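Structure, as structure tokens:
A short reminder: the numbers here are calculations on the coordinates, not readings from a lab. Because the structure is a prediction, the values reported are computed rather than measured. Here the Cβ positions follow ideal geometry from the backbone for every residue, glycine too, while neighbour counts run over all protein chains shown.
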Amino acid sequence: MKIYFKNLFIIIFLIKIISNIDIKNINENSHLKFPLKQNIYLTASLYLNEKEYNLPIDINSDRTWINNNKNSINNNNIIIEECNLGDIDRKRKKNIPISFFDKNILFEEIAFEEISHNFDNNCITKNGVIGLSKKSEKKILNLLTQLNKIYSIKKYFSIFNNELIIGNFDDELKQNKYISADLVDSGYKWAFNLQGLYLGEINYDYKNNEEYFVINVLNNNYKKLNTLIQINSLQKFIIVYYYYFSFIYEQIFKDKCTIKKNENFFGIYCNKNIIDKLPDYLSFMINDKLLPVKIKSLFIQDGTENEYLFAVVYSDDVWNSGCILGNFFYNEGGNKLIFDVENNQVHFLSDKIIENTKIIDDYSIDEKQIILNNYSFSKYDVVLCVILFLNFCGIFILLGSLYKEKVINQLPNHIKKIKRMNN
């Protein structure tokens with residue numbers, strides 16, 4: 001028994017040693033993991049002059065800033081507006097030792113800003129933020145750039161299961177299927193183009209050598225979007241325009257679930273028995289590939305025992321931000337995202353990804369079939385040629401009729417002329 005406890009103590013001690021970050025061993029192959037606190041927003045620790053600040057992670061902020069005026073984040077609304085710094089006086093601080101996420105990771109070559117302001121409204125970022133934007137006004141403001149400069153850590157990160165991971169994701173990208181979406185030029189924001197939504201069942205199997213998963217745009221299950229989606233860590237839900245919200249409700253939830261006004265947003269509420277009978281997937285078309293997401297994974301229990309809120313909501317409070325992909329999708333919903341600063345991309349990881357998709361409509365011509373038929377005419381080409389031929393025939397008949405009428409009208413004059421010549 002003594003030997004058992006001795007071995008157990010040694011194991012616990014070794015885990016304790018391994019779990020601590022050894023700064024000397026950090027390099028381009030490392031990835032660092034930090035726990036996040038989660039309520040509606042995600043927060044992490046920042047240490048400045050031995051004082052700990054618990055601040056929201058803002059992946060769209062190009063800098064870290066701290067409010068020295070003591071405020072408290074006590075807003076219970078699910079959708080919360082960001083604080084508008086506007087003309088607030090900000091003082092840039094640099095060459096001051098500061099630690100992010102862990103006391104052992106010390107920086108002296110990163111700038112942050114201080115303000116002293118009492119926000120009247122209950123905005124979410126009143127105490128400050130830790131910024132993780134893809135770029136910054138200056139390199140000294142960008143946390144990811146400075147981590148790379150000081151510790152050679154790659155400029156990738158992920159937020160998943162209440163954990164922030166920064167560093168090398170090469171192995172994970174090699175071992176998993178993923179969709180890479182190029183970031184849209186939208187300032188400091190992480191934003192990409194969403195081509196469309198597909199709400200039908202996924203009847204596709206690589207094992208049967210099916211070449212394409214075909215989507216007909218005239219089918220009510222597909223909605224072409226080509227809209228800008230901002231990935232946001234301060235908001236929890238997927239916030240969309242009313243047009244898209246209504247489309248999803250009509251296609252999936254109509255006569256099954258109810259729309260309710262809750263605080264400052266409209267949400268879709270279903271009971272558990274209904275959720276079990278819903279379609280399996282809501283699929284996102286990104287970069288000509290399909291990302292199926294389990295509809296059941298997008299529900300959150302909303303206080304009552306048997307009522308659940310769907311994570312896609314509509315709100316007027318953030319209308320100026322467009323559509324937002326909140327942190328619930330990639331932190332709790334099981335959909336892992338890797339934010340890639342080095343290649344200006346975001347990667348969506350899933351073993352359900354359908355890479356070979358083909359979007360058609362009822363009037364589309366299969367290009368491959370044209371090649372196989374040696375560019376033979378389709379039925380649409382034949383109809384077009386017949387119409388053109390009939391048009392040409394009509395023109396010739398019309399011209400012939402006009403010429404004949406002209407000849408007949410001129411005939412008496414010719415007869416009179418012949419009579420005068422005979423006299």
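What to note about this one:
- Nonlocal amide H pairs with Trp65, under 5 Å, H built at 1.01 Å: Glu113, Val129, Gly131
- Modelled spin-label separation between Lys277 and Glu50, with each label point placed 7 Å from Cα along the Cα-to-Cβ direction: 6.4 nm.
- Peptide ranges 278-286, 214-222 listed from the most packed, as the mean C-beta count within 10 angstrom indicates: 278-286, 214-222
- Residues Phe253, Phe329 arranged by fewest to most Cβ contacts within 10 Å: Phe253, Phe329
- Karplus-derived 3J(HN,Hα), 6.51/-1.76/1.60, for each residue of the range 329-346, Hz, glycine and proline x: 4, 9, 9, 10, x, x, 9, 7, 10, 10, 8, 10, 6, 5, 10, 6, 9, 10
- ³J(HN,Hα) computed for each position of the range 31-39 - Karplus, 6.51 cos²θ - 1.76 cosθ + 1.60, integer Hz, glycine/proline x: 9, 9, 10, 9, x, 10, 8, 9, 10
- Cα-Cα over 32 Å, subset of Lys224/Lys261; Lys149/Lys296; Lys33/Lys91; Lys51/Lys236; Lys70/Lys154; Lys37/Lys93: Lys149/Lys296; Lys70/Lys154
- Taking amide hydrogens as placed 1.01 Å from N in the peptide plane, the amide H of Phe101 sits under 5 Å from those of Ser45, Leu46, Tyr47, each at least 5 positions away in sequence or on another chain.
- This ranking places Ser233, Ser297 by how few other beta-carbon atoms lie within 10 Å of each, fewest first, which gives Ser297, Ser233.
- For His31, nonlocal amide neighbours, meaning residues 5 or more places apart or on other chains whose placed amide H falls under 5 Å from its own, are Asn168.
- Shown in residue order for the range 195-203 are the 3J(HN,Hα) couplings computed by the Karplus curve 6.51 cos²θ - 1.76 cosθ + 1.60 at θ = phi - 60°: 6, x, 10, 10, 10, x, 6, 9, 9 Hz (x for Gly and Pro).
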